[in-house]
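Every read-out reported here was derived from the displayed coordinates using simple, explicitly stated rules and does not represent laboratory data. For clarity, every value in this text was computed on a predicted model and none was experimentally measured. As a convention, Cβ positions derive from the backbone with ideal geometry for all residues, glycine included, and neighbour counts pool all protein chains shown.
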Amino acid sequence: MDSRGPHEPLKLSSTLRDAMTAKAGYSTPMLHVAEIEKSIRFYELLGFTTIDTEGCAPLAWARLHCEDGSAVMLLRAEHPVDASAQALILYMYTPDLGGLRDRVPTYASGALMRPHPVDYLGKAGTRLRDMGFRQMKMQCGSEPTVAASLERVLVVREAVGPDVDLMCDINQLWSVNHAIEVGRRLEPYHLYWLEDPVAHDDYAGLARVADALTTPIAAGEYHYGIVPFRHLLEARSIDVVMIDLVRVGGITQWMKVAAMAEAFNLPVVSHLVPEIHVQLVAAIPNGLTVEYMPWTLRLFEETPALEGGRLTVPTKPGLGLAFDQAAIKRYELA
């Protein structure tokens, strides 16, 4: 993917430069290419190279951080694994993360969404199971009654059977009391986890829900940087730590949060970008499963193989990915 040696100077690729100077149509402000190059010169003056991830990480985060993460999200949206900008946006140049496993469990995500009617959910769940998935996630949260929420979960559970791990994502739509009420009534359906039941920054409220239910509570995808995860862990707000590679600040920061979770004896799961997250979840002792949301797979020539509900970790150098130039051309901004 990147032909440079790990100690060569930082450099902004022409591909990323072109993408960042084009009209993107994003609602968040465009981070100008001149600011990126200014930051690169700043790092080089301090003697950093592409291998100095620990040195670059806090400086890059301080210089690029927007309160809502918009600058980092822009870089992710255009070029999620552009190696020439990895040190700047905190994607490490790392040929080997020291993986513990060559395959990791993955769960189907994005097929059992909130707008779908109940009858569709059962059919879709059966199809996913027949495709080999042994884990899958559905959405709830906008139902008008508690009974409607229970019906959605019941239909999927009956369709896929008791041996499939079923997760349910609420996307912060419930109050604390409502989450406890519905969560207790969902316990007979043996959810693998209940995700983001209440506001992501209500650490005390999440802790109340986690303490009241036997169903594990997962959260973390809405958090930027590593500090919010300390609050989640110290407040005992969650049972499953979900880390978004881009929002947390890249591979360097992702691994730090995973280590924090390990210290609290908690498992780690990923959010989006399975083609990269497979490497990370496989590299840590507390990696549980990878979210299989295949939105970005079409951008690459080859992606991790999916077999029997597991993803195979690529063995090629780096992240084991190469952009499909035809796909890049197809999605190129005018």
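Give the peptides 187-196, 216-225 in descending order of average Cβ contacts within 10 Å, highest first.
216-225, 187-196
What is the calculated FRET efficiency for Glu332 to Ala259, with r their C-beta to C-beta distance and R₀ = 51 Å, to the nearest 0.05?
It comes to 0.85.
Given a Förster distance of 22 Å, report the FRET efficiency between Asp163 and His116 from their Cβ-Cβ distance, rounded to the nearest 0.05.
Calculated value: 0.45.
Taking the Cα centre of segment 103-312 as origin, work out the dipole magnitude from +1 charges on Lys and Arg Cβ and -1 charges on Asp and Glu Cβ, in debye rounded to 20. Provide the component values of the computation, followed by the final result.
Numbers: 18 positive and 25 negative charges, 25 e Å.
Roughly 120 debye for segment 103-312.
With an 8 Å cut-off on Cα pairs and a minimum separation of 6 or more residues, tell me the relative contact order of segment 103-312 in percent.
20 percent
Efficiency by 1/(1 + (r/R0)^6): what FRET value for Asp211 and Glu302, r their Cβ-Cβ distance, R0 = 30 Å, to the nearest 0.05? Can you show the working numbers first?
Details: r = 45 Å, r/R0 = 1.49.
The computed FRET efficiency comes out at 0.10.
Amide H to amide H, which residues 5 or more places from Phe300 or on other chains are under 5 Å from it, using H placed in the peptide plane?
So Phe300 has HN proximity to Asp324.
Give the separation of the Cα centroids, segment 146-203 to segment 221-240, in Å.
Using only Cα atoms to place each centre, the spacing works out to 20 Å.
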